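As structure tokens, the structure follows; a few thoughts come after it.
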Amino acid sequence: MYRVRTIVHVHPWHSAARLSVRFNSTSSKYTAVTHPEDTSSVPKDISNTLARHSKHVLNTYARPPIILSHGKGSWIYDTSHRKYLDFSSGIAVNALGHGDEQLVKIMNEQASKLIHSSNVFHNEWAGELAELVINLTKRDGGLGWASGTQVSSSSEPTSGAKVFLANSGTEANEGALKFARKVGKDRWAKANGISPADYTNPAYLSSPKTKIVAFDNAFHGRSMGSLSVTSNPKYQAPFAPLIPGVEIGAYNDIEALERLITEDTCGVIVEPVQGEGGVHTASTDFLRALRKRCDAVDAVLIFDEIQCGLYRSGTLWAHSLLPIDCHPDIVTMAKPIANGFPLGAILTRDAIAESMTIGSHGTTFGGSPIAARLAHHVLSRLSDPSFISSVNRSASHLSGRLSRLPTYFPTLLHPYVRGKGLILGLPFKNESHPGVLTKMARERGVLLLTAGQDAVRFVPSLNVNLEEIDFAVDVIESALGVMEKA
Ligand SMILES: Cc1ncc(COP(=O)(O)O)c(C=O)c1O
């Protein structure tokens, strides 16, 4: 059931605004609330359970009054047997959707074999996963390799890169920042005739090459180091003082880089596509200028691809197909790598890895046999060429439908959809509206996320199908129609 809408375009480049009339159709099929959340509609057993839990659970999230219980593919169910299309995928995590049978089988198999053994010993899977991440980076491009780079033969002494396995995104970034600090100090020491091995030497300790540069609207995590480069006062201010020596620049501002990144800078961290900060994409020229400036001052360039990487942007890394003069020294990843089982990782060029000697970093859980085996399986499936093609098909269908919405609802939406692949943002003119739409969509059976100040974010599972995309956008169109009239 579609209604015909009359759209009036005002062309701003004409001195006297020119009006044109077009006919478009948007869905009005889902105007009615099907999944109500108001207090009187929440079943008594659910409100009682939530009230009991709230006495015990630290209250850092504003959650809707539903309790999720299980899922299948892109669909997730609550304990009242209501079904939702999960277009949030656990905040860009469940790349293969929910309840994937192969993953469950592998998880069961590995759980009965060996769950954890610590990093004091080798396990069967951590090394296999590290090799796969590096080989895929060579095949698909990234970290200084153009796509199609030959994978090193087993007789070569090094693959050219190394992987450190951690537990989460923030921990991967925390590690990357530590790498940058150590590399900065080591490089400064060598340049000044001091041995980096002599790390108690006061001269080594007084190295000025410790500054870190990050950008506005960034989100890198909540631990003290990652938080210090997450330039959002809401997250930072209550926890200050943060780690010293962090400078924040304007995203995509090339001119400012010369002043921002200096000889004292040891590392620069940036998301090629910002997720939480509002789905903003770095320009190729900005990334190239960053690479150039980092090379000029011998600083480490870190790309945080925790949300945009691992095929969410349509390629392995959001930077995979960019010219190699835009590539970083370190890539951090997490979220979808094990489809929801916690795992983060730092991928770094050998030149950086050499500074990280035995004992310089560590973790108890990171790279456990179960996490590494699951990630190996997930990554093998995500990297299958037919899977990548289907991600790109879904991405162009979703962006095609979303990009028509500003034309249909010009009073509500800014003209352009932001993002890349299956990380897309729909920007609103009124900053309270992303929250309103997200709630309205949920009350009609679709889970969405907001991003930054002004956007609704779309990060569905990477195996979402075209019918599911159509359902999500039909619900959004219906909700926008209701909002427009309100
Ligand atoms: C780009 C980016 N970096 C880092 C993080 C932090 O990851 P985690 O929540 O796994 O610690 C996030 C989480 O949303 C993220 O989107």
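Given (1) assigned to a helix (DSSP H, G or I); (2) more than 20 Å from the chain's Cα centre (by Cα); (3) under 30 Å from Ile194 (Cα atoms), identify the lone condition not met by Asn108.
Of the numbered conditions (1) assigned to a helix (DSSP H, G or I); (2) more than 20 Å from the chain's Cα centre (by Cα); (3) under 30 Å from Ile194 (Cα atoms), the odd one out for Asn108 is (3).
Check the stretch 331-347 and report whether any residue there is free of Cβ contacts under 8 Å to residues at least 60 places away in the same chain and within 18 Å of Gly127 (Cα to Cα).
So in the stretch 331-347, the residues free of Cβ contacts under 8 Å to residues at least 60 places away in the same chain come out as 337-338.
With within 18 Å of Gly127 (Cα to Cα) added as a condition, the list becomes 337-338.
Yes - at least one qualifying residue is present in the stretch 331-347.
Go through Ala176, Ala218, Ala214 for me and flag whichever is in contact with a strand residue (DSSP E or B) (Cβ under 8 Å, 6 or more places away or on another chain), within 16 Å of the ligand (Cβ to nearest atom), part of a loop (DSSP other than H, G, I, E, B) and in the same structural domain as Glu247 (by TED's automatic domain parsing). Reasoning before the result, please.
Numbers: Ala176 fails: part of a loop (DSSP other than H, G, I, E, B); Ala214 fails: part of a loop (DSSP other than H, G, I, E, B).
Testing whether each residue is in contact with a strand residue (DSSP E or B) (Cβ under 8 Å, 6 or more places away or on another chain), within 16 Å of the ligand (Cβ to nearest atom), part of a loop (DSSP other than H, G, I, E, B) and in the same structural domain as Glu247 (by TED's automatic domain parsing) leaves just Ala218.
Confirm whether Thr137 is more than 16 Å from the ligand (Cβ to nearest atom) and over 26 Å from Ser386 (Cβ atoms).
The answer is no for Thr137.
Output the residue which, of all residues in the stretch 327-386 that are small (Gly, Ala, Ser) and over 25 Å from Ser89 (Cβ atoms), is nearest to the ligand (Cβ to nearest atom).
Among residues in the stretch 327-386 that are small (Gly, Ala, Ser) and over 25 Å from Ser89 (Cβ atoms), the one nearest to the ligand (Cβ to nearest atom) is Gly362.
How many residues are surrounded by 24 or more Cβ atoms within 10 Å (Cβ to Cβ), touching a helix residue (DSSP H, G or I) at 6+ places or on another chain (Cβ under 7 Å) and charged (D, E, K, R) if we restrict to the stretch 285-324?
2
Are there helices (runs of 4 or more DSSP H) fully within the stretch 351-446 with at least 1 residues that are more than 19 Å from Val133 (Cα to Cα)? List them.
Values: elements: 369-382, 385-408, 433-442.
So the answer is 385-408, 433-442.
Inspect the stretch 197-211 for any residue being closer than 20 Å to Arg349 by Cα, among the hydrophobic types (A, V, I, L, M, F, W, C) and assigned to a loop (DSSP other than H, G, I, E, B) and give the result as yes or no.
Among the residues of the stretch 197-211, not one is closer than 20 Å to Arg349 by Cα, among the hydrophobic types (A, V, I, L, M, F, W, C) and assigned to a loop (DSSP other than H, G, I, E, B), which makes the answer no.
The values are calculated or read from the model by the stated rules, or taken from the named source; none is laboratory data. If you're wondering where the values come from, they're calculated on a predicted model, not measured in any experiment. Quick reminder, even Gly has a Cβ in these numbers, built from the backbone with ideal geometry, and neighbours come from all protein chains shown.
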